[in-house]
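Heads up: the structure comes next, in structure tokens.
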Amino acid sequence: QMWEEAIALGKELAEQYENEMFDYEQLSELLRKQAQFYENIVKVIRPKPDYFAVGYYGQGFPTFIRNKVFIYRGKEYERREDFEARLLTQFPNAEKMKTTSPPGDDIKNSSGQYIQCFTVKPKLDLPSKFHRPVSEQIVSFYRVNEVQRFEYSRPVRKGEKNPDNEFANMWIERTIYVTAYKLPGILRWFEVKSVFMVEISPLENAIETMQLTNDKINNMVQQHLNDPNLPINPLSMLLNGIVDPAVMGGFTNYEKAFFTEKYMHEHPEDHDKIEKLKDLIAWQIPFLAEGIRIHGEKVTEALRPFHERMEACFRQLKDKVEKQYGVRAVLSSLDDRRGSRPRSMVRSFTMPSSSRPLSVASVSSISSDSTPSRPGSDGFVLEPLLPKKMHSRSQDKLDKDDLDKDKKEKKKEKRNSKHQEIFDKEFKSTDISLQQSEAVILSETISPLRPQRPKSQVINVISSERRFSVSPSPPSSQVTPPPITPRTKLSFGIQSNLELNGMSSSDIPDVPPPLPLKGSMADYGNLMESQDLISPTTSPPAHQRVSP
């Protein structure tokens with residue numbers, strides 16, 4: 001069940017299958033296994049084996065274990081008594097030591113065999129990749145695997161004995177064992193290479209105990225949130241042991257021992273540690289509240305009186321702690337995971353392969369003015385810049401769109417939103433470049449039912465469109481053409497062609513009026529589509545021909 005190690009080996013195999021052997025069938029099977037491993041890490045609860053320190057003392061042992069200490073990894077759910085029995089079967093003449101303190105030279109130099117065995121706690125050493133808080137289900141693997149440091153704590157009494165409060169003078173003598181290699185490895189036991197000891201003061205021990213208790217409550221709450229089918233009994237015992245003062249006394253013993261004027265006067269250097277202990281006590285309340293809420297949802301009717309008593313004890317405890325140490329609040333994990341983008345960021349949608357926006361959000365809906373800038377534009381509306389398939393429309397629909405565009409141009413001055421006017425200016429400035437990109441599409445996808453004209457004929461049609469715009473109209477000083485003149489069928493009809501062809505050179509002014517501004521190449525594309533009847537290859541009927 002060491003799926004983390006299997007994933008690491010699978011990644012090495014995947015590199016070979018993908019880039020060296022090109023065996024994609026094996027690669028797909030391997031990736032499916034890895035996916036199952038990741039799912040197992042999150043969902044499957046794995047047993048945590050215990051670790052035992054074993055010392056072999058006396059000259060009766062072989063030289064490779066004589067007077068040395070080893071750290072053993074026990075089997076799943078193996079108790080210390082079972083492990084000792086299994087160990088003593090290998091050395092039936094050995095004597096089990098009753099103490100956990102290191103033996104003297106008399107035992108080490110004796111001819112007999114003495115075995116010392118006690119449980120040690122592995123010290124968590126998270127990999128560097130976990131630079132942020134992660135799920136307890138992921139971290140739990142590293143609490144008992146890939147560990148090299150182990151500790152054994154032994155309580156020591158110093159000073160006068162206080163029968164009312166044993167926490168005031170209870171020091172912790174902690175021994176740290178460092179093995180030669182990380183466990184588990186190629187073996188289930190490794191030799192201890194270094195040993196050192198540290199002393200923990202009573203206040204530091206209280207801080208450490210409160211921190212471990214809070215972590216234990218939080219971890220159990222997270223387990224029940226992830227798996228609602230877990231049994232409720234462990235949660236009941238944990239919460240009742242903390243909430244009910246008749247069971248363990250809670251943190252009242254810490255208050256009597258450290259939160260007094262006498263202790264503050266004798267230990268002024270512990271002021272910061274006392275404040276940290278108070279903060280941990282205050283943080284325990286929201287963890288307990290969440291645990292009791294889950295307990296109330298899952299409790300059976302038989303345990304309902306037990307739960308009601310626990311709730312009553314918790315209410316008293318909560319009132320006392322919040323009054324003395326303040327209120328703490330835990331953010332909901334759902335709110336942390338649910339992130340929403342600001343509306344101001346959702347304004348345009350751009351294709352990855354092009355910088356041209358496909359659609360732009362109405363700016364007025366994001367501004368402080370809630371009045372819609374045009375009829376029907378309430379809220380967040382997406383407006384397309386250009387039609388998707390202009391070449392597929394008929395000429396009648398184009399004419400109708402041009403008339404609608406003229407009406408919209410006249411209504412611009414009546415609009416109240418300043419943001420919409422800025423948006424329209426930007427739309428105007430980019431209209432020519434946008435339509436030019438569409439012109440290429442129009443000229444290449446005119447109609448699959450008829451062949452495209454030769455390039456020379458297309459040039460002739462374009463040049464004839466220029467001649468169409470020069471008509472015997474009043475001088476340009478009297479009539480100023482608009483920037484983009486709406487097109488109609490009559491401007492491309494045969495009649496105008498006959499009139500121009502029938503004109504003499506004396507009727508044309510010497511200085512022609514300035515040409516109107518071209519909208520874009522899309523004009524010529526529409527012209528090509530509408531000039532099928534007047535193609536250069538098609539001559540007019542005989543009764544309409546006029547001699548030059």
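The values are calculated or read from the model by the stated rules, or taken from the named source; none is laboratory data. Note that this is a predicted model, so its numbers are computed, not measured. Cβ atoms come from the backbone with ideal geometry, glycine included; neighbour counts cover every protein chain shown. Areas reflect the complete protein model, heavy atoms only, side chains present, ligands, DNA and RNA absent. Shrake-Rupley method; radii C 1.70, N 1.55, O 1.52, S 1.80 Å.
Count of region 252-266 residues, restricted to those that are assigned to a helix (DSSP H, G or I) and either under 15 Å from Leu280 (Cβ atoms) or of a type in the set (A, V, I, L, M) (or both), is 7. Consider region 111-147. How many of its residues are surrounded by fewer than 15 Cβ atoms within 10 Å (Cβ to Cβ) and either more than 26 Å from the chain's Cα centre (by Cα) or acidic (Asp, Glu) (or both)? Residues that pass the stated criteria total 4. Please verify whether region 203-210 includes one or more residues that are among the hydrophobic types (A, V, I, L, M, F, W, C) and either farther than 30 Å from Ile292 by Cα or open to solvent by 30 Å² or more (accessible area, probe 1.4 Å) (or both). No, region 203-210 contains no residue that is among the hydrophobic types (A, V, I, L, M, F, W, C) and either farther than 30 Å from Ile292 by Cα or open to solvent by 30 Å² or more (accessible area, probe 1.4 Å) (or both). Consider region 78-100 and keep the residues that are free of Cβ contacts under 8 Å to residues at least 24 places away in the same chain and under 19 Å from Arg154 (Cβ atoms). The one that is most open to solvent (accessible area, probe 1.4 Å) is Lys98. Per the listing Val192, Val156, Val178, the residue uniquely buried (at least 17 other Cβ atoms within 10 Å of the Cβ), of a type outside the set (D, E, K, R) and either assigned by the TED database to the domain that holds Pro122 or within 40 Å of the chain's Cα centre (by Cα) (or both) is Val192.
Conditions (1) in contact with a helix residue (DSSP H, G or I) (Cβ under 6 Å, 6 or more places away or on another chain); (2) among the acidic types (Asp, Glu); (3) not assigned by the TED database to the domain that holds Leu187, marked per residue:
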{"position": "Leu9", "(1), (2), (3)": "no, no, yes"}
{"position": "Ala14", "(1), (2), (3)": "yes, no, yes"}
{"position": "Asp23", "(1), (2), (3)": "yes, yes, yes"}
{"position": "Lys33", "(1), (2), (3)": "no, no, yes"}
{"position": "Tyr38", "(1), (2), (3)": "no, no, yes"}
{"position": "Ala53", "(1), (2), (3)": "no, no, no"}
{"position": "Ile71", "(1), (2), (3)": "no, no, no"}
{"position": "Glu76", "(1), (2), (3)": "no, yes, no"}
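Residues checked against (1) farther than 22 Å from Cys313 by Cα; (2) in contact with an Asp or Glu (Cβ under 6 Å, 6 or more places away or on another chain):
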residue	(1), (2)
Gln211	no, no
Asp215	no, no
Val221	no, yes
Phe251	no, no
Phe258	yes, no
Tyr263	yes, no
Pro268	yes, no
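Answer yes or no as to whether Phe64 is without any contact (Cβ under 8 Å) to a residue 24 or more places away in the chain and not assigned by the TED database to the domain that holds Gln137. No, not satisfied.
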